[in-house]
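Reviewing the structure listed below.
The values are calculated or read from the model by the stated rules, or taken from the named source; none is laboratory data. All values reported here derive from a predicted model rather than from experimental measurement. All Cβ positions, glycine included, derive from the backbone under ideal geometry; neighbour counts span all protein chains shown. Please note that ligands, DNA and RNA were not included when accessible areas were found on the heavy atoms of the full protein model with its side chains. Shrake-Rupley method; radii C 1.70, N 1.55, O 1.52, S 1.80 Å.
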Amino acid sequence: MILSAMRWVTFLLLLLTVAVESVRAKSLVEVEPTAWALAPRGPFLASVYNPRMAALEIRGGSDEEESEEEDESDDDAEAEGGVDLSAVIDKAASVTQSTIVPATKKAALTVYKWTKKLTLTSYGMMQRAIQAAMEADDTEVDGDDEEEEASVVQKIVSTVQRMIKAAFTFPETEDDEEEGEVSDDGSDFEEEEAVEANVEDEVEAEEAVVEKPKKEKKTKEKKKKQEKDVPTKPTDFGTYLATQYGVDDSRTAEAPGSTVLGGSLATAMQEARAQARLLVVFIPSEKPKKGKESKEAIAIESILSAEVGEAANEKARNGEDTGSFLFWSAKVGSSEATTAMKRLKAKPKSSKGGKCPVLMVVYPAMVVDSSTGQSKIVPKVLGQHHCNPPPASSAMSNWLGSLRKRHGKQYMAMQTVLKELQYFKERKEGYLDSAKSDKERQKREAEEEAKRLAAEKAEEERLEALATRRKELKESLPEEPEGNDVKKIALRFADGKSAQRRFRPDQPVVDIFNWVDAHFELEREKVVLTTLNGKQTLEWEGAEQTLEDAGLGKNTGFRVTVKEDSKEDDKADDDDDSESS
């Protein structure tokens, strides 16, 4: 069947190629007829592109003979009232472009649709058959007595029968087909529908340019319908369940109600464990059907009700802020639902009205894996509802309340672990902050130590330079002169010491400062000489003048003081400010 469809597709593609090349031939012949006519091609395409050239090739001849025959044929046509061949070719090209090309494209699109539908149907049959085999395997591993009674041949025959029955059991409604036999969320099928819509739009635009506004309106309506049909991925899986099963989702931002998680069961258990809540697992057993209220719809309506939401968010224990329950669900027949059914060892109970959905409460227990030594979360079923019939909102709220009271130890264990994790996180954050402050302190101390060492080294170098300079000053200082014209300079220091020395009148005042620096180890740059009456003051700056020019008498006495270092004063001020702060 597939090979037959492929042959039809190949034939139609050949027709489409001929039609497109016919249109191109017409445009190229108008531009350069000679070069196009002489282009190498097969007899069949040559007859389409240039019938006159095909006739010439069939009977043989050259271009000159062909031109002579054209002249003769034109003369005969004018004489006998024949048909103009160029007009016939133009007419054929026009008909090909306006009729054959759109019809061929439509036929190709139809074949594409049927081929795709056949492929999707085959894939769906295979998927249903595999799923039926897995379900058969689940049902056959229930008890030891049944395994002993059933032989291997009977199991194989039973499995094959279930697979054939499931493969040829097609969905009853269009919604089941759109729901996605190819993928769980139906995204692949919907993307292909969008591609089909785009192809159809292109074909319709080429068929009639006059009806463009009408076609655009039709295209917009189709896109709106597609956007409406495509199920957007809800942040809460309860929105998806309500949409699929036709249930009103009464939850609002002011009254959020119960939270329904999607995805895998393992992720949901981790989330429930992180919030110190029990996990309510709901797995539908049947797909939604139009015009029929199912047990799944009743259960979903109860789960999304405000009453059940209050019960789920009620505090599990006094003095705690965490709620009681989280909900998790999955699509019927999906890989997540199949994995959860196996892991929880759950089976949908059958009744006269069909299978019942699975509704159970699971405790996400934390255990240590003996093989790896690492902790992991495993589900432990605490209770299961028969769902025959499914509980109403008040009954489900009472059921959850009784489970909350009954399993207080599990809540206490989860909350204890949650508190310990919180304490550990706080201790870790405190430790990190302390380590950070220690690093900053160590860095600051290291910088201060480096500055101190640098200052000590600079001070040592300065003192060495001073010692060297004083030695040189002692050696270079002239001896005391003798005579009546000498000037006697007397010094009185702050510690009570005194000294005197004779100088010539033409000696510079600098020699007095050098004498003080060399013999009394006072830096000459910091020395201040003040007369005993306080009328005259001499400093190192401006000491180039002579004693005579400075107006010093024969006997002059000076009081010696030392200026304070401005840098040391600034440092002392900074230390005082830091201590006061």
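Of note:
- Out of A467, A490, A499, one residue alone is in a helix (DSSP H, G or I), modelled with pLDDT of 90 or more and either surrounded by 10 or more Cβ atoms within 10 Å (Cβ to Cβ) or in contact with an Asp or Glu (Cβ under 6 Å, 6 or more places away or on another chain) (or both). It is A467.
- Contacts under 8 angstrom Cβ, first residue in the range 421-432 being part of a helix (DSSP H, G or I), partner among the β-branched types (V, I, T), 6 or more apart: none
- Of all residues in the range 502-518, those satisfying the criterion of being without any contact (Cβ under 8 Å) to a residue 40 or more places away in the chain and either loosely packed, with under 13 Cβ neighbours inside 10 Å or assigned to a strand (DSSP E or B) (or both) are R502, P508.
- Test: residue in the range 443-458 that is open to solvent by less than 90 Å² (accessible area, probe 1.4 Å), farther than 28 Å from D321 by Cβ, modelled with pLDDT of 90 or more and not in a helix (DSSP H, G or I): no
- Residues within the range 534-557 that are touching a Pro at 6+ places or on another chain (Cβ under 8 Å), open to solvent by less than 70 Å² (accessible area, probe 1.4 Å), more than 16 Å from V486 (Cβ to Cβ) and among the polar types (S, T, N, Q), tallied: 0
- Some residue of the range 253-261 being open to solvent by less than 60 Å² (accessible area, probe 1.4 Å), modelled with pLDDT under 80, among the hydrophobic types (A, V, I, L, M, F, W, C) and more than 16 Å from S329 (Cβ to Cβ): yes
- Residue check for A435: farther than 23 Å from A518 by Cβ and small (G, A, S): yes
- Residue count for the range 470-487, restricted to those that are among the basic types (K, R) and surrounded by 16 or more Cβ atoms within 10 Å (Cβ to Cβ): 2.
- The single residue among G401, G373, G333, G323 that is more than 20 Å from S285 (Cα to Cα) and in contact (Cβ under 8 Å) with a residue 60 or more places away in the chain turns out to be G401.
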